[in-house]
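See below for the structure under consideration.
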Amino acid sequence: MKNKDYYGFPNPLASREEKLTKEYGLQYMRQMYREWENEGAGVNLMSTRNQRYKRYREYAEGMQSVDQYKELVGANGDSSYLNLNWEVVPIIPKFVDVLVGGLTNQDYSIKCTAIDPISVDKKNQDKFQTLTKMKLKDFAHEAAGLTGLPLDEEFKDLPENRDELDLFMELNYKQAVEIAMEEGIELTMYLNDWEEVKKRVIRDLITLDIGISKTGVENGKITIRYVDPVNFVSSHSSNPDFKNMEYAGEVIYITIHDLKRMAGEQFTDEEYEEIAMSVLGKHGNPAKLSLSSVNYNGYEINEYDTYKLALLDGVFKCSDKLHYEKKHNKYGGYSVNKKDSKYKAPKSPRYKREQMNTNVEMMYKGKWIVGTDFIFDYGVADNIVRPKSNLSKALMPYAVYAPNIINMNNKGMVERMIPFADQIQLAHLKIQHLISKVKPQGSAIELGAIENVGKGDGGTFTPIEVQDIYQQTGNLYYRLQMDDGTPGNPNPIQELRGGVGGALQELIAIYQYNLQMIRDVTGINEIRDASQPDKESLVGVQKMALLASNNATRWLNQAFLSITKNIAKSLALRVQDLVKYSGTYKGYVQAIGEYNMKAIEVTKDVTLADFGIMIEPLPDDEEKALLEQNIQVSIQQGELRIEDAILIRTIPNIKLANQMLILRRKQYLKEQQEMAISNAQANAQQQQMSIQAKAQADAQMKQMESQTEIQKMQAEFQLKETFAQAEHKRKLLEIEYQGSIKSDHISLAQDDSDLVRTKVK
């Protein structure tokens with residue numbers, strides 16, 4: 001296929017039918033590549049950027065070329081005589097590993113909140129119902145006490161007040177659709193080995209100051225994959241998250257064999273041969289076409305199938321005008337049918353017909369073989385991601401973030417370190433060179449003074465013998481006067497100092513200075529990079545230093561969380577589409593159902609809901625330790641219960657955990673105050689009752705004493721009365737007795753008188 005090489009993008013107002021032609025897609029993708037390569041200003045962006053990225057990665061791995069250092073250490077030409085170890089000092093790799101490890105170990109959770117009107121209304125209704133139950137709680141307790149029946153479960157574990165209700169809704173309230181979506185996103189990330197993608201994206205953010213990932217659907221499954229920034233193509237963006245991208249893609253390098261596997265019969269054998277001819281002498285390919293065949297994994301293929309080529313796999317957005325017909329019928333209803341751009345409503349229809357137009361963002365995709373007129377897999381993109389709140393918008397499948405980008409240029413951590421790392425490497429080589437030139441300590445010997453020194457037996461010492469005696473004994477034999485009468489050297493052997501002198505310390509100082517500069521420009525201090533901390537430094541000072549370092553690199557964490565958030569948003573929408581349109585959703589639902597059995601029931605609700613995505617960093621060890629310290633202090637001061645402490649420790653969000661700590665402290669202090677007031681009232685009531693009881697006891701005592709006195713008086717009176725009665729009775733008896741005696745005397749007297757009378761007669 002041949003196409004005139006037009007410059008510039010094709011007409012964005014073209015009809016949809018025209019946009020679907022391969023000519024349109026070819027022109028668009030060719031211009032994508034041009035802008036990426038030249039940026040429209042004669043600057044070879046692809047070449048310069050790729051060279052920079054390659055250089056940064058070499059430094060990040062400690063694999064930069066050492067040739068740049070040879071001239072600087074005076075090693076012109078053959079450097080073998082220097083006897084130096086040219087291996088790179090791995091300073092930058094150490095700092096990169098520190099940052100990668102720190103960011104990788106930062107845990108976070110993905111929170112989905114349904115923000116569509118139906119879900120929000122349901123949440124408000126549930127909150128109102130909870131508030132109503134809170135108001136009826138006391139009545140429910142009273143009713144349970146009167147009836148003897150157990151308290152209804154719905155009245156148990158309710159918030160105590162409005163503040164606790166708000167916190168309860170934040171912590172515990174979760175709609176089934178929200179739980180299902182969170183589990184769906186988590187499952188998708190797990191199936192795509194997100195942890196490995198995460199590490200590579202983080203390393204790119206540190207090394208290249210840009211991180212990229214892409215979501216898609218392949219064979220009915222949602223995919224997440226890493227994208228190498230070296231190969232990334234995009235439209236100009238002034239935002240670090242590239243949210244206003246109009247096009248994006250990747251330049252990948254494949255063989256013609258790979259191309260045949262991807263394109264299949266979209267090209268003829270003659271066209272494949274033409275493609276092979278277009279890449280001769282490029283990408284390491286031979287300069288002459290070979291039509292012979294080779295054995296490849298057991299079967300014969302054309303030799304040119306091993307040739308490499310550059311392929312632009314890209315997508316771009318266009319605003320398409322869609323045409324519809326609103327056709328009324330005899331029953332008063334109507335139907336809406338899609339039409340092409342050439343459609344015109346009939347002038348005199350039997351029933352009313354209306355022409356309707358609407359603008360919708362559409363995503364087109366295609367694969368262009370760079371430098372040719374061949375394009376394949378072109379057309380409307382599959383599985384276009386659209387937000388539920390605005391279905392006319394189309395979202396790019398790429399999640400991108402470049403924290404420090406200015407005019408499409410960015411400068412990352414590694415680039416900041418390179419000048420100082422070069423100086424460290426140079427100082428390291430010069431230290432080696434200096435050490436290699438070090439001479440041992442020796443002596444300067446004046447031979448004339450120690451020649452022909454007599455032994456005393458007629459013989460003489462040689463100069464070597466004199467030196468040996470001096471070194472072994474410390475005694476020096478020499479001539480003070482020479483044979484010709486001239487004076488000799490009074491100090492024929494002089495010590496020569498060896499070593500490196502002060503040069504070594506100067507080089508070490510340079511090394512340390514540049515190492516400190518790396519720490520300054522990156523914000524990674526000795527505490528953060530695991531260097532030996534100062535033993536004299538207080539623990540609090542070390543913690544402050546670590547906190548300062550974390551703050552200095554927080555922008556890197558925010559950059560990664562931004563990518564993760566965009567990935568999660570895309571996954572949420574793709575899960576919804578998967579559930580709605582794909583037959584493979586059952587596997588997802590079943591997996592989600594392990595955690596949430598209601599997922600199957602809310603499948604339809606999931607597809608309708610609109611979700612807000614939040615990335616919630618989990619607390620680090622320092623934050624956990626501070627929270628635990630506050631908990632312990634509160635417990636020791638009697639401001640918190642043990643069961644409240646257990647609850648607070650289970651809250652993953654450190655902010656909410658602190659809020660719960662504050663709330664439970666206030667509640668417990670309030671309860672203690674109410675208990676103190678109640679106890680005071682009880683004590684006062686007890687005291688009052690005691691006073692009343694004492695007064696009552698005193699009155700009873702007085703009454704008892706009175707009654708006792710009365711009883712005593714009564715007893716005394718009764719006793720006196722008894723005595724009086726007895727005396728009276730005694731007297732009566734006495735009188736009676738005396739009367740009886742008199743009566744007896746009279747009777748006796750009468751008897752005597754009668755006797756006398758009898759005798760007289």
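Structure notes:
- Remark: pairs (first residue in the range 199-211, over 14 Å from Pro93 (Cα atoms); second residue among the charged types (D, E, K, R) and assigned to a helix (DSSP H, G or I); Cβ separation under 8 Å; 6+ apart in sequence or on different chains) = Asp209/Glu415; Ile210/Asp204; Gly211/Asp204.
- Lone unmet requirement of (1) among the small types (Gly, Ala, Ser); (2) outside any strand (DSSP E or B); (3) crowded, with 17+ Cβ neighbours inside 10 Å for Ser213: (2)
- Subset of the range 244-268 (residues that are loosely packed, with under 14 Cβ neighbours inside 10 Å and within 29 Å of the chain's Cα centre (by Cα)): Asn244
- Of everything in the range 217-242 that is closer than 22 Å to Asp577 by Cα and surrounded by fewer than 17 Cβ atoms within 10 Å (Cβ to Cβ), the residue that is modelled with the highest pLDDT is Arg225.
- For the range 373-399, the set of residues classified as out of contact with any Ser or Thr (no Cβ under 7 Å at 6 or more places or on another chain) and under 30 Å from Val414 (Cβ atoms) consists of Met396, Tyr398, listed by residue number.
- Search result, residues across the range 109-142 that are surrounded by 16 or more Cβ atoms within 10 Å (Cβ to Cβ) and not in a helix (DSSP H, G or I): Ile110, Lys111, Cys112, Thr113, Ala114, Asp116
So that you can scan it fast, the table gives a plain yes or no per residue for (1) surrounded by 14 or more Cβ atoms within 10 Å (Cβ to Cβ); (2) closer than 26 Å to Val575 by Cα; (3) modelled with pLDDT of 75 or more:
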residue: Asp320; (1), (2), (3): yes, yes, yes
residue: Gly332; (1), (2), (3): no, no, no
residue: Lys352; (1), (2), (3): no, no, yes
residue: Met362; (1), (2), (3): yes, yes, yes
residue: Leu391; (1), (2), (3): no, yes, yes
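- Unique match (being part of a strand (DSSP E or B) and of a type in the set (Ser, Thr, Tyr)) among Tyr272, Tyr253, Tyr304: Tyr253
Residues checked against (1) touching a His at 6+ places or on another chain (Cβ under 8 Å); (2) at pLDDT 75 or above; (3) not β-branched (Val, Ile, Thr):
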site: Ala591; (1), (2), (3): no, no, yes
site: Ala609; (1), (2), (3): no, no, yes
site: Lys624; (1), (2), (3): no, yes, yes
site: Gln629; (1), (2), (3): no, yes, yes
site: Gln632; (1), (2), (3): no, yes, yes
site: Ile662; (1), (2), (3): no, yes, no
site: Arg665; (1), (2), (3): no, yes, yes
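- Residue selected from the range 12-48 under the condition among the hydroxyl-bearing types (Ser, Thr, Tyr) and not in a helix (DSSP H, G or I), by the criterion modelled with the highest pLDDT: Thr21
- Within the range 165-178, the residues that satisfy the criterion of being in contact (Cβ under 8 Å) with a residue 60 or more places away in the chain and under 18 Å from Tyr108 (Cβ atoms) are Glu170, Leu171, Glu178.
- Residues of the range 631-657 satisfying the condition of being not in a helix (DSSP H, G or I) and not charged (D, E, K, R): Gln637, Gly638, Leu640, Thr650, Ile651, Pro652, Asn653
The values are calculated or read from the model by the stated rules, or taken from the named source; none is laboratory data. Here the structure is a predicted model, which is why all the values come from computation and not from measurement. Note that we place each Cβ from the backbone using ideal geometry, even for glycine, and neighbour counts take in every protein chain shown.
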